[in-house]
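Student: Okay, here's the structure, questions in a sec.
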Amino acid sequence: CCDTAMVDVLADTDPPPSPDTLLGPTEICFGEIQTWQANPVAGASAYSWTVPPGVTILNGQDSTTISLRWETYSSGNICVQAENGCGLSAPACRLIDPVDSLVVPGVPVGDSQVCFGDTLLYTVTGPAAGGNSFLWEIPTGVTILSGQGTDSVTLLWKLDSDSAVCVRAVNACDTSAAACLPVALIKPVVLADIQGADTVCAGASAAYEIPLTPEVAAIQWQVS
């Protein structure tokens, strides 16, 4: 005895087309978890994702949506390929550019000795000055006239004591530690009484003196 079975076979020897869109962020911070999504492709049975070294696939391999943890400071491409029984499509990729880790900025450059009421300019330089904004931290009694958020700030000093001017670098991921410039207030000099004779004869010579203190830079005498 014998039997016969028949089946219709659809010949399809082509891999699926590439996903036309890959949705998700283009910048990411170190250690951050983000999700990317590929547009579904007709006829695809699975999706194959590839990621740069240092990036961990948490879930979503074989699906249109993937969740990753970025644990590298290097940029790289996230790519996805649609798959069927005939093979893989061409990849669709997105370049991810991590936001660099922050470097503490250099110590602010400016006057380290000030007088009450001075208007002063302070500037931050060095590697951290490129591509970041800056958070200036100044003591109560000192007013920021302009420049908050930039690498230079103008201050009005109306503080009756020593203090410091501090700055932090800021980017999309974090705020750095502060770099500070100590600032000493130059206080007005209070002089002691002049010592010397208060009565002299016409044509005579007389000596006068005044005690000096460390904050006195020079003495200017005036006579009638």
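The values are calculated or read from the model by the stated rules, or taken from the named source; none is laboratory data. Quantities reported herein were computed from a predicted structural model and do not represent experimental measurements. Cβ sites come from the backbone with ideal geometry, for glycine too, and all protein chains shown count toward neighbours. Please note that ligands, DNA and RNA were not included when accessible areas were found on the heavy atoms of the full protein model with its side chains. Shrake-Rupley method; radii C 1.70, N 1.55, O 1.52, S 1.80 Å.
Student: Residues in the stretch 171-181: is at least one open to solvent by less than 50 Å² (accessible area, probe 1.4 Å), in a strand (DSSP E or B) and of a type outside the set (Lys, Arg)?
Tutor: yes
Student: Give all pairs with beta carbons closer than 6 Å in which a residue from the stretch 176-197 that is farther than 28 Å from Val103 by Cβ meets a residue that is in a strand (DSSP E or B) and open to solvent by 90 Å² or more (accessible area, probe 1.4 Å); count only pairs at least 6 apart in sequence or on separate chains.
Tutor: As it stands, the answer is Ile186/Gln113; Ile194/Tyr208; Gln195/Glu209; Gly196/Tyr208, since those pairs meet every condition given.
Student: Still on this structure, I have one more. Do the conditions hold for Val167, that is, is it within 16 Å of the chain's Cα centre (by Cα) and of a type in the set (Val, Ile, Thr)?
Tutor: In short, yes.
Student: Taking the stretch 94-108, which residues are in contact with a strand residue (DSSP E or B) (Cβ under 8 Å, 6 or more places away or on another chain), open to solvent by less than 70 Å² (accessible area, probe 1.4 Å) and under 21 Å from Leu68 (Cβ atoms)?
Tutor: Passing the criteria: Arg94, Ile96, Pro98.
Student: Looking at Ala207, Ala217, which is the one that is hydrophobic (A, V, I, L, M, F, W, C), modelled with pLDDT of 85 or more and surrounded by fewer than 11 Cβ atoms within 10 Å (Cβ to Cβ)?
Tutor: None of the other options fit; the residue is Ala207.
Let's see how each residue does on (1) within 30 Å of Ala178 (Cβ to Cβ); (2) among the small types (Gly, Ala, Ser); (3) in contact with a helix residue (DSSP H, G or I) (Cβ under 6 Å, 6 or more places away or on another chain):
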| position | (1), (2), (3) |
| --- | --- |
| Glu27 | yes, no, no |
| Gly31 | yes, yes, no |
| Val41 | no, no, no |
| Val51 | no, no, no |
| Val55 | no, no, no |
| Thr64 | no, no, no |
| Leu68 | no, no, no |
| Val80 | no, no, no |
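Student: While we're on this one: How many residues are loosely packed, with under 13 Cβ neighbours inside 10 Å and under 24 Å from the mean Cα position of the chain (by Cα) when one looks only at the stretch 72-93?
Tutor: Total satisfying the criteria: 2.
Student: Continuing with this model, one more query. Restricting attention to the stretch 159-170, which residues are of a type outside the set (Lys, Arg) and in a strand (DSSP E or B)?
Tutor: Ser163, Ala164, Val165, Cys166, Val167, Ala169, Val170, listed by residue number.
Student: Moving to a separate point now. Scan the stretch 98-126 and report the pairs whose first residue is farther than 15 Å from Ala178 by Cα and at pLDDT below 90 and whose second residue is aliphatic (A, V, I, L, M) and buried (at least 17 other Cβ atoms within 10 Å of the Cβ), with Cβ atoms within less than 6 Å and a gap of 6+ or a chain change.
Tutor: Matching pairs, first to second residue: Pro98/Ile28.
Student: Restricting attention to the stretch 143-158, does a residue exist that is charged (D, E, K, R), assigned to a strand (DSSP E or B), crowded, with 20+ Cβ neighbours inside 10 Å and at negative phi?
Tutor: Within the stretch 143-158 (the criterion being charged (D, E, K, R), assigned to a strand (DSSP E or B), crowded, with 20+ Cβ neighbours inside 10 Å and at negative phi), the answer is no, since none of the residues qualifies.
Student: Turning to a different aspect of this structure: In the set Ile33, Ile66, Ile28, which member is buried (at least 16 other Cβ atoms within 10 Å of the Cβ), among the aliphatic types (A, V, I, L, M) and at pLDDT below 95?
Tutor: Selected residue: Ile28, the only one of Ile33, Ile66, Ile28 that is buried (at least 16 other Cβ atoms within 10 Å of the Cβ), among the aliphatic types (A, V, I, L, M) and at pLDDT below 95.
Student: Among the numbered conditions (1) in contact with a strand residue (DSSP E or B) (Cβ under 8 Å, 6 or more places away or on another chain); (2) under 22 Å from Gly85 (Cα atoms), tell me where Pro25 comes up short.
Tutor: (2)
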